[in-house]
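Engineer: I have a structure I would like to understand better, so I am pasting it below and will then ask my questions one at a time.
The values are calculated or read from the model by the stated rules, or taken from the named source; none is laboratory data. Only a predicted model underlies this, so the values are computations on that prediction, with no experimental measurement involved. When we count neighbours, we look across all protein chains shown, and the Cβ atoms used for this are built from the backbone with ideal geometry, even at glycine. Each accessible area value is taken on the protein alone, full model and side chains, heavy atoms only, with ligands, DNA and RNA left out. Shrake-Rupley method; radii C 1.70, N 1.55, O 1.52, S 1.80 Å.
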Amino acid sequence: MRKLLFQSLFRRPFTEQVPSLDNAAVTELAAAVGNAARRRLGRSLSIREVDAGSCNGCELEIHALNNAYYDVERFGLRYVASPRHADVLMVTGPVTRNMRDALERTYHATPNPIWVVAIGDCARDGGCFAGSHAVVGAVSEVIPIDRHIPGCPPTPTAMLQGLLALLERADIGAVTS
Ligand code: SF4
């Protein structure tokens, strides 16, 4: 025990080093998403995250957007607790049989314009869970989607790029301002 304590004084921590982040690029991207939301909606963008059956890997990256590292709330992107307050549903999949009804009800509880973003490879086609008896399949098999962001899991930066591409599309939803 004494040896372990002594070693711990000199050994590097087991935790990984913080990855280098191009802060300027992420800041620019998140600001662009916030500005695009204000142009379309006249206000901040509210996001409701729906786990329709994922392994939670995608959730970790979605939540990372809101941690102190990315801190996207400073640009007007916020997570909300109810679909009734949401503009965007970020849905991770695959959609399981148990979650199908909850996903449909969440979709119908969201006010217009409802923008649905399917997050991760599983949300596209079931990914590594495709064919399981517990899985319905892709998010698009249950509710209509506006954009898919690929990856297993996609990075927070890829999610910001996807949200920006969604908001810059001319053919989505109505502008309410
Ligand atoms: S895409 Fe990858 S990280 Fe996301 S739910 Fe599927 S297996 Fe998990």
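Engineer: Right, Arg84: part of a helix (DSSP H, G or I), away from the ligand (no atom under 16 Å from the Cβ) and touching a Pro at 6+ places or on another chain (Cβ under 7 Å) or not?
Structural biologist: Spelling it out, Arg84 is indeed part of a helix (DSSP H, G or I), away from the ligand (no atom under 16 Å from the Cβ) and touching a Pro at 6+ places or on another chain (Cβ under 7 Å).
Engineer: Considering region 148-174 alone, what residues qualify as being within 16 Å of the ligand (Cβ to nearest atom), open to solvent by less than 20 Å² (accessible area, probe 1.4 Å) and either at pLDDT below 95 or β-branched (Val, Ile, Thr) (or both)?
Structural biologist: Hits for region 148-174 are Ile149, Pro156.
Engineer: Out of region 94-105, which residues are open to solvent by 10 Å² or more (accessible area, probe 1.4 Å) and in a helix (DSSP H, G or I)? Explain how you work it out, then say what you get.
Structural biologist: First pass over region 94-105, keeping only residues open to solvent by 10 Å² or more (accessible area, probe 1.4 Å): 96-102, 104-105.
Hits for region 94-105 are Arg97, Asn98, Met99, Arg100, Asp101, Ala102, Glu104, Arg105.
Engineer: Take Val91 and tell me if it is in contact (Cβ under 8 Å) with a residue 40 or more places away in the chain and either buried (at least 21 other Cβ atoms within 10 Å of the Cβ) or of a type in the set (Phe, Trp, Tyr) (or both). Let's see the steps before the verdict.
Structural biologist: Values: in contact (Cβ under 8 Å) with a residue 40 or more places away in the chain: yes; either buried (at least 21 other Cβ atoms within 10 Å of the Cβ) or of a type in the set (Phe, Trp, Tyr) (or both): yes.
For Val91, the condition - in contact (Cβ under 8 Å) with a residue 40 or more places away in the chain and either buried (at least 21 other Cβ atoms within 10 Å of the Cβ) or of a type in the set (Phe, Trp, Tyr) (or both) - is met.
Engineer: If you take the residues of region 106-126 that are open to solvent by less than 10 Å² (accessible area, probe 1.4 Å) and within 16 Å of the ligand (Cβ to nearest atom), which of them is nearest to the chain's Cα centre (by Cα)?
Structural biologist: Ile119
Engineer: Counting just the residues of region 64-74 that are within 20 Å of Gly151 (Cα to Cα) and buried (at least 19 other Cβ atoms within 10 Å of the Cβ), which one comes out farthest from the ligand (Cβ to nearest atom)?
Structural biologist: Result: Tyr70.
Engineer: I would also like to ask the following. Based on what the data block shows, is His133 over 13 Å from Gly57 (Cβ atoms), open to solvent by 30 Å² or more (accessible area, probe 1.4 Å) and within 13 Å of the ligand (Cβ to nearest atom)?
Structural biologist: Working: over 13 Å from Gly57 (Cβ atoms): yes; open to solvent by 30 Å² or more (accessible area, probe 1.4 Å): yes; within 13 Å of the ligand (Cβ to nearest atom): no.
No.
Engineer: Somewhere in region 42-63, is a residue surrounded by fewer than 21 Cβ atoms within 10 Å (Cβ to Cβ), closer than 14 Å to Leu164 by Cα and free of Cβ contacts under 8 Å to residues at least 40 places away in the same chain?
Structural biologist: Scanning region 42-63 turns up at least one residue that is surrounded by fewer than 21 Cβ atoms within 10 Å (Cβ to Cβ), closer than 14 Å to Leu164 by Cα and free of Cβ contacts under 8 Å to residues at least 40 places away in the same chain.
Engineer: Output the number of the condition that Glu28 fails; it satisfies all remaining conditions of (1) part of a strand (DSSP E or B); (2) open to solvent by 20 Å² or more (accessible area, probe 1.4 Å).
Structural biologist: Answer for Glu28: the failing condition is (1).
Engineer: Still on this structure, please answer the following. Applying the selection to region 43-77, what residues are over 11 Å from the mean Cα position of the chain (by Cα) and either of a type in the set (Asp, Glu) or assigned to a strand (DSSP E or B) (or both)?
Structural biologist: Correct list: Leu45, Ser46, Asp71, Glu73, Leu77.
Engineer: With (1) in contact (Cβ under 8 Å) with a residue 40 or more places away in the chain; (2) in a helix (DSSP H, G or I); (3) within 12 Å of the chain's Cα centre (by Cα) as the list, and Ala158 as the residue in question, which single condition is left unmet?
Structural biologist: So the condition that Ala158 fails would be (1).
Engineer: Okay, next question. If Asn23 passes every condition in (1) closer than 22 Å to Ala165 by Cβ; (2) touching a residue at least 12 places away in the same chain (Cβ under 8 Å); (3) out of contact with any Ser or Thr (no Cβ under 8 Å at 6 or more places or on another chain) but one, which one does it miss?
Structural biologist: Checking Asn23 against (1) closer than 22 Å to Ala165 by Cβ; (2) touching a residue at least 12 places away in the same chain (Cβ under 8 Å); (3) out of contact with any Ser or Thr (no Cβ under 8 Å at 6 or more places or on another chain), the one that fails is (2).
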